[in-house]
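Novice: This is the structure, below, for whatever I ask next.
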Amino acid sequence: MSTTNQQASANDISAENLKHVLFPWSQQGGLGAIPVTRAEGVFFWDADGKRYIDFASQLVCVNAGHQHPKIIKAIQDQAETLCYAAPSFATDVRGKLARMIAEVTPGDLTKSYFTCGGAESNDYAVKIAKMVTGRPKVIARYRAYHGASHGAISLTGDWRRAYNEPGMVGALHSFQPYCYRCTFGQEPETCNRECVSSLEEMIEFENPDFVAAIIVESIAGVAQGVYLPPDDIMPRLRALCDKYGILLIADEVMSGWGRTGKWFAMDHWDVVPDILSTAKGLTNSMVPLGAVVVSQKIADYMEDHTLWSGSTYSGHALACAAGIASIEVYQEEGLIENSAKLGEVLAQVLGEIKAKHPSVGDVRAKGLFGAIELVKNRETRERLMPIKEEPYTTKGGMSAIKKTLAEGGVYTLNRPNLLSIAPPLCITEEQLREGLAVIDKSLDHADAMLDSAGRVAAQ
Ligand SMILES: Cc1ncc(COP(=O)(O)O)c(C=O)c1O
């Protein structure tokens, strides 16, 4: 195909999308979406044939790599056998997938309700928690994203919630450990875990008999900045929940399926939540599917209590087939192990990047889940650019960084002051280093934005 024809088709794809599609989280005018036409492994290509390393696994969901042949084959085979049966029927693929999920999730998590994505999984987690406890309130966190459905956006703590309010009644928010910018002015080595004690105080004011659940992202996602809690935080939260008969919901929509170097992030602390919600990597995102997985105790309760909810597409056979194949791929190809192994390389290179660029205030990584936080001045930790900047805009301070990344063929998810790294778990060390070198180069633009005090502090 000639360059002119390729260009025409890129333009056609963009034009039709921009004319007829409402894009998420965006003002629709002046958008510049990449027209993507094919993908394989850690790469995708735009309509002009330009190749990108997908350092975001799209939305941190293509964990096993793009167009995985085994998962494609499973979907094709299932399509020829049985595409759909209503959820009141039993299918071999739904039962098998639910068993496999019970095997890889922590502790006694045993039964799954299948959804169509992460937000719906969190909605179900909350609904189940309310049904089981008979309590009306749920405590989430401010620096958290739980999805965009009416319920999940109410749980979401960040700025996006406000545009959807008033939302779900009884959704409350607390502060979580964000050790680089501690809400309580402390340092992790010397603090008294005020983030946990303030939560307990909140529970007491709210009246524990009215609190059904606490929902946490086990490791907060890329929109927030991949916050790594000190190792004792999750065990402390578990103990707090047990003390007050509150259920612990782990949102592992993004942090699950090997992203952090374990099957689920909660595995880092051997903490077993009462309910685990997930989606994304469950099917390598090749067909939409989510699951909310409940403990044996909740499953027992449901034996003689009705689950007052349901939906047409729960446990869709095509999606379940993709889920089975995805879990097998994670196991057969050692992808969780690769995430843990290359996570060490990622952490080391991020450390080198921090040492080199005075605009880098903090770097965080667990497995192949990493973030770089930009500051104007390392000593004051003042943010490099105003936090109010629109989340998905191409304007403003991140645009020069993004341009260098695009020119270098690296796609990442960025927020003001944040660059995230979450490639498919099948990435090689060479590919990882190649992408990180482009990120390193792009940060020269961030260094150029330092104020003079920041420059002096960096010397
Ligand atoms: C932690 C977390 N929870 C929930 C969601 C929502 O998932 P979905 O977009 O599939 O509804 C996301 C999406 O990014 C997420 O990162």
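Where a number appears in this text, it was derived from the coordinates with a stated rule and is not lab data. None of the values given here were measured: they were computed from a predicted structure. Virtual Cβ from ideal backbone geometry, glycine too; neighbours counted across all protein chains shown.
Novice: Using mean Cβ contacts within 10 Å as the protection proxy, how do 155-165, 320-330, 182-192 order, highest first?
Specialist: Going by the mean number of other Cβ atoms within 10 Å, highest first, we get 320-330, 155-165, 182-192.
Novice: Classify the chain as rounded, prolate or oblate, taking a ≥ b ≥ c as the square roots of the eigenvalues of its Cα gyration tensor: rounded when a/c is under 1.5, otherwise prolate if a/b is larger than b/c and oblate if not.
Specialist: Oblate, because a/c is 1.5 or more while a/b does not exceed b/c.
Novice: Along the Cα-to-Cβ line of residue 102, 7 Å from the Cα, sits a label point; which residues in region 270-301 have backbone N less than 12 Å from it?
Specialist: Inside the label zone: 294-297, 299-300.
Novice: Now for a different question. Any idea what the dipole of the chain comes to, in debye rounded to 20, about its Cα centre with Lys/Arg Cβ at +1 and Asp/Glu Cβ at -1?
Specialist: 780 debye
Novice: On a 23 Å Cα-Cα criterion, which of the cross-link pairs 356/403; 280/402; 127/297; 50/441; 111/341 come out too long?
Specialist: 280/402; 111/341
Novice: So, one more: Under a 5 Å amide H to amide H cut-off, with H placed in plane at 1.01 Å, what residues pair with residue 64 once short-range neighbours are removed?
Specialist: Result for residue 64 returns 425.
Novice: Indicate the helices, whole DSSP H runs only, in the chain that combine a mean Kyte-Doolittle hydropathy of 1.6 or more with a Cα extent along their long axis of 30 angstrom or more. Can you show the working numbers first?
Specialist: Values: long enough: 335-356 (31 Å, 0.33).
Correct list, ordered by number: empty.
Novice: Name the residue farthest towards the positive end of the dipole of region 69-332 from the options 278, 229, 119, assuming +1 on Cβ of Lys and Arg, -1 on Cβ of Asp and Glu, about the Cα centre.
Specialist: The residue sitting most towards the positive pole is 119.
Novice: Sticking with this one: If one computes the Cα centroid of region 9-71 and of region 275-312, what distance in Å separates the two points?
Specialist: So the separation of the two Cα centres works out to 29 Å.
Novice: How do 51, 415 rank when sorted from fewest to most other Cβ atoms within 10 Å of their own Cβ? Kindly include the intermediate steps, with their values, before the conclusion.
Specialist: On the way: 51 13, 415 19.
So the ranking, lowest neighbour count to highest, is 51, 415.
Novice: Please report the antiparallel percentage of the DSSP beta bridges confined to region 69-332, to the nearest 5.
Specialist: Expressed as a percentage, antiparallel bridges in region 69-332 total about 40.
Novice: What ranking of 269, 45 emerges when the number of other C-beta atoms within 10 Å of each C-beta is taken as an exposure proxy, fewest first?
Specialist: Going from least to most buried by this count: 45, 269.
Novice: Using amide H atoms built in the peptide plane, which far-off residues or other-chain residues are under 5 Å from residue 56 H to H?
Specialist: For residue 56, the qualifying residues are 422.
Novice: Along the charge dipole of region 69-332, which of 128, 93, 163 sits closest to the positive end, that is, farthest toward it, with unit charges on the beta carbon of Lys, Arg, Asp and Glu (+1, +1, -1, -1)?
Specialist: Farthest towards the positive pole: 163.
Novice: Dipole size in debye (nearest 20) for region 69-332 around its Cα centre, Lys and Arg Cβ +1, Asp and Glu Cβ -1?
Specialist: Computed about the Cα centre, the dipole is about 540 debye.
Novice: Explain nothing, just the number: relative contact order of the chain, from Cα pairs under 8 Å at least 6 residues apart, as a whole percent.
Specialist: 20 percent
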